[in-house]
1. When we measure straight from the Cα of Lys65, which lysines land under 30 angstrom away, once same-chain ones fewer than 8 places off are left out?
2. Taking R0 as 51 Å, what's the FRET efficiency between Ile68 and Val180 from their Cβ-Cβ distance, rounded to 0.05?
3. Between beta-carbons, use under 9 Å as the cut-off and find the net charge around Gln545, counting Lys and Arg +1, Asp and Glu -1.
4. Over the chain, with the other protein chains present, what is the accessible area per residue in square angstrom, probe 1.4 angstrom?
5. Sorted by packing (mean other beta-carbon atoms within 10 Å per residue), highest first, where do 31-40, 219-228 land?
6. Any chance you could give the angle, 0 to 90 degrees and rounded to 10, that helix 177-215 forms with the longest Cα principal axis of the chain?
7. Report the charge-dipole magnitude of the chain in Debye, nearest 20, computed about the Cα centre from +1 at each Lys and Arg Cβ and -1 at each Asp and Glu Cβ.
8. Quick one: what Rg and Dmax do you get for the range 293-352 from the alpha carbons, in Å?
Amino acid sequence: MIQEDEIKSKIDLDLWGRIFRYALSHKRLLIPLAASATVLAVIDTFFPIATKWAIDVIQGSGVIKDLIPVGVFYLSLSAGLAFCVFVFIHCAGGISHHIAHDIKRDCFKRLQELEFAFYDKQPTGWLISRLTADCDRLSRILAWGFLDVLWGCLYVLAMSVAMLLLNWKLALIVLATLPVLVALSLFFQRRMLFTSRQIRKHNARITASYGEGIAGVKTTKTLGREVENLGEFEGMSTDMYQASVRRAFLSAIYLPLVMLVGSLGSGLALWYGGVNLLQEAISLGTLVAFISYAGNLFQPINQIAMILAEIQGAQAAGERVMSLLATKPEIVDSPEVLEKIANHQALQSKQPIRRTLHSLAEAKQGQPNPLSPAPTLANDGHPNRIDEIQFKDVTFSYNQKETVLKNFNLRVKRGQTIALVGPSGGGKSTIVSLVSRFYEPTGGGVLIDGIDYRQRSLAWLQSQLGIVLQTPHLFNGTVLENIRYGRLDATPEEIREAANLVNAHDFVMNLEDGYDTVIGEGGARLSTGERQLISFARALLADPQIFIMDEATSSIDTETEKLIQDGMQRVFEGRISFVIAHRLSTIRSADQILVIKQGEIEEQGTHQELLARRGHYYELYTNQFRNEGVNRAMEAG
Ligand SMILES: Nc1ncnc2c1ncn2[C@@H]1O[C@H](COP(=O)(O)OP(=O)(O)OP(=O)(O)O)[C@@H](O)[C@H]1O
Ligand SMILES: [Mg+2]
């Protein structure tokens, strides 16, 4: 909840300084904006002077001709005003859009850089509201707030100078209201800040709850949790309502109070000025000018107070966005690796790392191993080719509380397929996440050809990965675009070839527009098996040295499973592959099958060896075989 000390917190100048840097990079718009604010403040100050001039002329000479210059002056002021308003709306609008774009781009970039562990901790609703609402809010405040504060300060200054020049005694009387205005504004501004923070907190919770409600709608419905969820939501919504009403109430008493003090200033001017006028110490024009200055004084003060309140209210938004931007990805290349990459770049003109899919097509026709040594170097100067991956005494935990892997040891050679089976929560996905360096071991190390992968380039390693997940993520677009995501420069022929290799080609050709079929958000218009085939083709297109399939075959029909199995045999050749499968029939031909239980290898061997052992694997396999047999019999019958 919101703490008392948060309300008292001053505007964090350092924070806003950092945010304001976004505006500074648009000087082309910022300078005209500042100029128009300055000129506007001066013009505003001159309007009462024009009135005074007119009245003095009327009272003095009374000649109409003498009014002409007054009219011209007034008209020029009006034209100047119109021009300034045009300039500032144009510039502030422009800056606001530019800043919003810049901040969103930086946030997006950072979100892409951050590792999986970051996403474990942040609800998606939180991230989405950061990227949209907060960035927009900051950009608006930066542009319009800058304009208002600059204009407000200069306007108060210019009016004070004008009044002091006209009649310093009268000026001091009118300016006496200034501290009262400022004090009132500061007092209310703090309270309004407090409530707006509450509103934003409630709002964020509501947004997150919407996100979860939509994403989890199927679960909610099947569990009959609608009523409880609605109850929770209503609670949040009531809190939000109460805070909003409080905020509206504060605004409702603040404005009239400030206006009252403003009118009091005018009253004082009228009284003291009236006495002076009667004693002929000042002209009627001067008195009128003073009355309008006194009446106008509250305007800029109110504007500045509003902006300050908004700045304080948006401070939380600013802190959130800036904290996101300040979150450094934890899994990054070390300085030594960066140096290696730089050295290698300097040494070598860019080398093509990927081999063409052409050789893969040859493999399909029984040609020699497509991944025969390609004597290229990775971007960090080490060999590009991966011959062995080794887990050496790897210990790992997601949080300090519970160890997921304990002293895990494993050696996988190029060309081998490792199958991981075992009970849920055993650590299978964790093992492949560690191979992928989405997380890093907390103890021990993962070695690539004897070198700890933390001494290798992260981008290089991840470019060598092909990953197919149980529920693969497809983007809204065509089949072709989705496969091409694996390698953006692939030609349509290469894409077809990849699809063909994983046995996806036939089903794609049966779609209404073939490869140009739009598959809907998340691939919603395809079955899970079809989505897997596409993501399989996508992974293959990148021609990775390491292939990972996480439970890719556990939820699909036997026919698609056969297609995938068939594709796997071909695709895994010459690579290092990790397959997690609940359907054990998929992994019979794996070189090594590991039964993973509570983060440790319980059994290890080939299918035949493990069956012969009559242990855990034998049990799993015979059970599944029996069930499948029953299912098949039922299907047939
Ligand atoms: N992102 C995470 N943050 C914290 N704990 C996690 C995270 N992912 C997994 N775990 C925990 O780590 C342990 C191993 O999980 P893992 O996903 O590796 O199991 P698995 O063998 O893949 O299970 P399944 O067969 O259900 O996919 C579990 O206890 C799980 O709760
Ligand atoms: Mg898993």
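1. List returned: Lys52.
2. Using R0 = 51 Å, I get an efficiency of 0.80.
3. Neighbour charge sum, excluding Gln545 itself: +2.
4. In whole numbers, the chain has 50 Å² accessible per residue.
5. In descending order of packing, they fall as 31-40, 219-228.
6. Between the helix axis and the principal axis of the chain, the angle is about 20 degrees.
7. 1080
8. For the range 293-352, the Cα-based Rg and Dmax read 25.1, 74 Å.
The values are calculated or read from the model by the stated rules, or taken from the named source; none is laboratory data. Computed from a predicted structure; not experimentally measured. Glycine gets a Cβ as well: all are built from the backbone with ideal geometry, and neighbour counts include every protein chain shown. Only protein heavy atoms, including side chains, enter the accessible area calculation; ligands, DNA and RNA are left aside. Shrake-Rupley method; radii C 1.70, N 1.55, O 1.52, S 1.80 Å.
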